[in-house]
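K.L.:
Dropping the structure in here first, questions after.
The values are calculated or read from the model by the stated rules, or taken from the named source; none is laboratory data. Keep in mind that this is a model prediction, so the values were computed, not measured. Note: accessible area is taken over every heavy atom of the protein model, side chains too, but ligands, DNA and RNA are not part of it. Shrake-Rupley method; radii C 1.70, N 1.55, O 1.52, S 1.80 Å.
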Amino acid sequence: IYDALVKINQFGVDEAASFSGVATTNFTVIGQIVDSIQLTGSDQMSAIGDSGEQFELKGIKREKLRELMSRTSRTARSMAYDFPGIDDQFRMPRNRNDADLLNAARAFITNGTPITSDFEAYGLKSHWFDGELKTAADEFEATRSTTASAQADRAEATAEMHDWVVQGMRTRRILDGIVRNIFFNDPGKLAAWQQAAHIERPPKKSTPPTPPTP
């Protein structure tokens with residue numbers, strides 16, 4: 001559709017002397033729509049890139065948090081002989097969604113901070129809970145909002161492009177009647193218009209023939 005709008009715009013430029021009034025106004029609208037689609041398409045591609053980058057960053061932060069939590073959980077299992085039941089407080093969540101992972105990380109921090117020295121005795125670093133684990137949880141939580149923002153930008157750009165395409169199709173129909181009337185007795189101009197206004201359709205996939213029954 002965009003390619004057709006570009007060709008329609010060029011047709012209007014080439015044949016500008018033949019048009020006036022409503023026709024000129026609508027060809028001007030086509031030109032504005034083409035410019036807007038170009039700009040919105042650039043915004044959309046930028047948003048797609050940002051969205052992909054944020055998803056990648058989110059994945060990195062997720063894995064880092066999961067690794068630190070796994071080390072905490074593994075250490076708690078080693079401590080269970082001296083601190084019965086402690087492993088229950090530091091179990092990895094069964095559900096692997098982001099919300100459960102983050103909630104479990106916050107619970108690890110709450111439960112572990114008062115007994116940091118006990119975990120240190122089993123090999124974890126000092127300030128494990130209020131330092132490394134908290135930082136990892138905070139960084140992972142921050143990526144959730146930036147990823148949502150990037151997705152919103154992408155959706156907004158896509159919706160804007162859709163609106164411009166709809167308006168372009170509407171303007172194309174208006175111009176089709178006007179151009180056909182103006183060039184009624186000019187087959188060459190009509191052929192040029194039909195070529196400009198034609199919208200290529202993607203080829204349909206052919207259905208493979210049903211194999212014969214053995």
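K.L.:
For the range 110-123, just list the computed ³J(HN,Hα) in residue order, Karplus coefficients 6.51, -1.76 and 1.60, θ = phi - 60°, integers in Hz, with x standing in for Gly and Pro.
P.N.:
4, 6, x, 4, x, 10, 4, 4, 5, 5, 4, 5, 9, x
K.L.:
Mind checking the alpha-carbon convex hull of the range 52-91 and giving the volume per residue in Å³?
P.N.:
Taking the convex hull of the Cα positions in the range 52-91, it is 41 Å³ per residue.
K.L.:
May I pose another question? In whole angstrom, how long is each semi-axis of the equivalent ellipsoid of the range 52-132, when you take the square root of 5 times every eigenvalue of its Cα gyration tensor and sort them from largest down?
P.N.:
Equivalent ellipsoid semi-axes, largest first: 24, 14, 10 Å.
K.L.:
Sort MET169, MET92 by heavy-atom solvent-accessible area, probe 1.4 angstrom, most to least.
P.N.:
Largest accessible area first, the residues go MET92, MET169.
K.L.:
Going from most exposed to least, what order do GLU160, GLU15, GLU63 have by accessible area with a 1.4 Å probe?
P.N.:
GLU63, GLU160, GLU15
K.L.:
Counting only the heavy atoms of the protein chains, how much of LYS58 is accessible to a 1.4 Å probe, in Å² to the nearest 10?
P.N.:
Per-residue accessible area (LYS58): approximately 30 Å².
K.L.:
Just to verify a number: what accessible area does TYR122 come out at with the full protein assembly present, 1.4 Å probe, Å² rounded to tens?
P.N.:
80 Å²
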